Amino acid sequence: MDLAVKLIVLLPLVAAAIAGLLCRVIGDRPAQIVTCAALLIAALLSVFVFVRIGFGPENGKLVVTKLFTWFDSGTLTVDWSLRVDTLTAVMLIVVTVVSSMVHVYSIGYMAGDPGIPRFMAYLSLFTFFMLMLVTADNLVQMFFGWEGVGLASYLLIGFWYDRPSANAAAIKAFVVNRVGDFGFALGIFAVWMLSGSVGFTEIFAKAPDMAKLRIHFLGMDLPALETACLLLFVGAMGKSAQLGLHTWLPDAMEGPTPVSALIHAATMVTAGVFMVCRLSPLFELAPMALQVVTLVGAATAFFAATIGLTQFDIKRVVAYSTCSQLGYMFFAAGVGAYSAAMFHLMTHAFFKALLFLGSGSVIHCLHHEQDMRKMGGVKEKAPQTFYLMWIGTLALAGIGIPLIMGHGIGLAGFHSKDAILESAYGAHSQVGMIAYWLGIAGAFMTAFYSARLMFMTFYGKYRGDHHTWDHAHESPPVILIPLYVLATGAVLSGVVAYAWFVGDGWQQFWGKAIAVKSTAEILHHMHEVPVWVKVLPLVVALAGLALSYLYYVVAPDLPARTVAAFRPLHTFFYNKWYFDELYDAIFVKPALAIGRFFWKKGDGAVIDGLGPDGIATRSMNIAGVLSRFQSGYLYHYAFVMLIGVAGLVTYFMISLR
């Protein structure tokens, strides 16, 4: 199995190097073949590792493969090792399967683009960094993968570098993530200072002792582990676009659609959730930090859903849906249901990648049109995309039949989202109840805006340019095949994996990959919640679907009337709660003003003015004055000589006294 894990991690890197460095030699098609083949092989090997770790000889065990010592400095030794347990195996499946489908999809979607080898190389490089992150055996190695996906996301979001909007979005994503990464780095420093190690095994063993320590900062006496966990969570907030550090995510839609699917469905944005679950033995000893995780996650789930109600760009609707669903994962982790958080991470990867790639299929069909107000009736031109996107929409809304055959039968989101909401209610805490009710409100809005996307896009009459409509067509098989694979996951992953993740077999499946005590307690309470708690998410989801149908199919004049009746609220949601404007006023404009002041007054006026530029100016002025004496007239030179002689005589007369 060691060889399989090494190949899973290294194959994308090798493919990226071949496609990126030899692109001028091998051309477009070989670059696509190499990268797609590498990811498909990695996906098959990930299935093998998942079966071995989840159900085979290594069931519930931890397998660590040391490759080499990265660096050894004083008391700090960092090995480059591959850590594989159930948590890693789940992420390997998610990352490689979704990434391989995105690679295949890109063959059709990016056809004709002049930078195909570069794009495929970036995709594979991103996948390599994500795999490094999930297989890390210590915090420093995880930080390497963490920063690597940030770099690769910058390259992918700004892939069309000739577009100013893409460049701005790439820079915004990079800068906002650096804010979170600074908190993550401080958290790593804090953990090392408290434990003397950065290796997960050593840190987890010392966690009970770390919980007793306190630190003094600016006159405050703070619990050390709580502070470290809060700093680590700041990193997760940036990478997973939680409330406050979320502003980069919708702008990242400027990248090609396969990038949106890869970054916002299964990989980069889920890194924060994975990190919290990986460090669950620390977080379970930091109850205050977990409350913060719960509240931030619940607020994000609600906040992002309100914005999704009002957007018209098809990709931005799905992007805000991702932001909202990540909030569900975080508040699940916050109440101690780490396995439920990972369950939703896994199922969400399938149906959200399906929705992103399905949106790309619509955009491809309509020749790059993304505004849903200029769509309508597309099911006539793209029937397969229509049915596949309905599968993703119903999975996202959480549609199923509860209380049949134990838990119920339904699409992927039905099982995982309900498990999260039941866990929040079963926590029997104030923050848990806040999370539950905000989650219920979010479930209603999610169903509404997801169905709104479907009705505005595929139903009614076409509202765009007729020339575009005449040339609209279903996507080719190379685009549709990945959609069918992801749709299969959206249908089956929930019902198949429920028992492994949160059902009776969870402890055997997970082993010690996540915090056992808190998970066992919360899952016990989850299964004992009242019937209405289990049924309510489905009820509000069906209500959201029905209301959306009323608004956009039965009475299409209702949306305009509702907007007119609630104009201030709609404007507030449509403008994304004015976070961008607020940050622009608080951070961007003052930073620009300060920079301009130091540039003009400090660097220009003081440093250059008194330094090189000042000396040069004075020299030029003096030279200008002296040059006036070089007139070419003899009487001018005689006059200067006379003045010189008079000066010398005066000097000697004074000095002889």
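The values are calculated or read from the model by the stated rules, or taken from the named source; none is laboratory data. Bear in mind that the values here come from a model prediction, so they are computed numbers and not experimental data. Every residue, glycine as well, gets a Cβ built from its backbone with ideal geometry; the counts of neighbours run over all protein chains shown. Surface areas here come from the heavy atoms of the whole protein model, side chains and all, with no ligands, DNA or RNA. Shrake-Rupley method; radii C 1.70, N 1.55, O 1.52, S 1.80 Å.
Placing dummy labels 7 Å off each Cα toward the beta-carbon, the span from THR75 to HIS471 is 6.8 nm. Per-residue packing, averaged as other Cβ atoms within 10 Å, sorts the ranges 70-81, 289-300, 173-184 into the order 289-300, 173-184, 70-81, beginning with the highest. Per-peptide packing, taken as the mean over residues of other Cβ atoms within 10 Å, places 141-154, 337-350 in the sequence 337-350, 141-154 from highest down. You can think of it this way: the chain between PHE579 and LEU610 has 6.9 nm of extra reach, that is 0.36 nm per residue less the Cα-Cα gap.
Distance between the pseudo-spin-label points of ILE643 and LYS61 (7 Å out from Cα toward the beta carbon): 9.9 nm. The modelled label-to-label distance between HIS570 and HIS428, using points 7 Å beyond Cα along the C-beta direction, is 4.6 nm. A Förster radius of 22 Å combined with the Cβ-Cβ distance from ASP371 to ILE171 puts the calculated FRET efficiency at roughly 0.35. Taking a straight Cα-Cα cut-off under 24 Å and skipping sequence neighbours fewer than 8 places away in the same chain, the lysines within cross-link reach of LYS66 are LYS6, LYS206, LYS512. Between the alpha-carbon centres of segment 593-657 and segment 273-344 there is a gap of 69 Å. Full extension of the chain between ALA111 and ASP603 gives 172.3 nm of extra length, using 0.36 nm per residue less the Cα-Cα distance. As a fraction of the 1.4 Å probe accessible area of the chain, surface on carbon and sulfur atoms comes out at 70 percent.
The long axis of helix 430-458 is offset from the longest Cα principal axis of the chain by roughly 90 degrees.
For semi-axes √(5λ) of the Cα gyration tensor in Å, several values are listed as (1) 78, 30, 24; (2) 53, 33, 27; (3) 40, 30, 24; flag the one computed from this structure. Computed from the coordinates, semi-axes √(5λ) of the Cα gyration tensor in Å corresponds to (2). Working note: 222 nm ellipticity from helices only, DSSP H runs with n ≥ 4, each -39,500 (n - 2.57), summed and divided by the residues of the chain, gives -23000 deg cm²/dmol to the nearest 500. Computed from the C-beta positions of LEU3 and LYS212, the FRET efficiency with R₀ = 35 Å rounds to 0.25. Listed by chain and number, the aspartates and glutamates whose alpha-carbon sits under 12 Å from that of LYS534, ignoring those within fewer than 8 places in the same chain, are ASP418, GLU422. Computed from phi, the 3J(HN,Hα) profile of segment 513-521 under the Karplus parametrisation 6.51, -1.76, 1.60 (θ = phi - 60°) reads 5, 10, 4, 6, 4, 5, 5, 4, 5 Hz, with x in place of Gly and Pro. Rounded to the nearest Hz, the phi-derived 3J(HN,Hα) couplings of segment 316-328 under the Karplus curve 6.51 cos²θ - 1.76 cosθ + 1.60 (θ = phi - 60°) are 5, 4, 5, 5, 5, 4, 4, 4, 5, 5, 5, x, 4, where x marks glycine and proline. Length gained on full extension, LEU10 to LEU547: 188.5 nm, using 0.36 nm per residue less the C-alpha separation.
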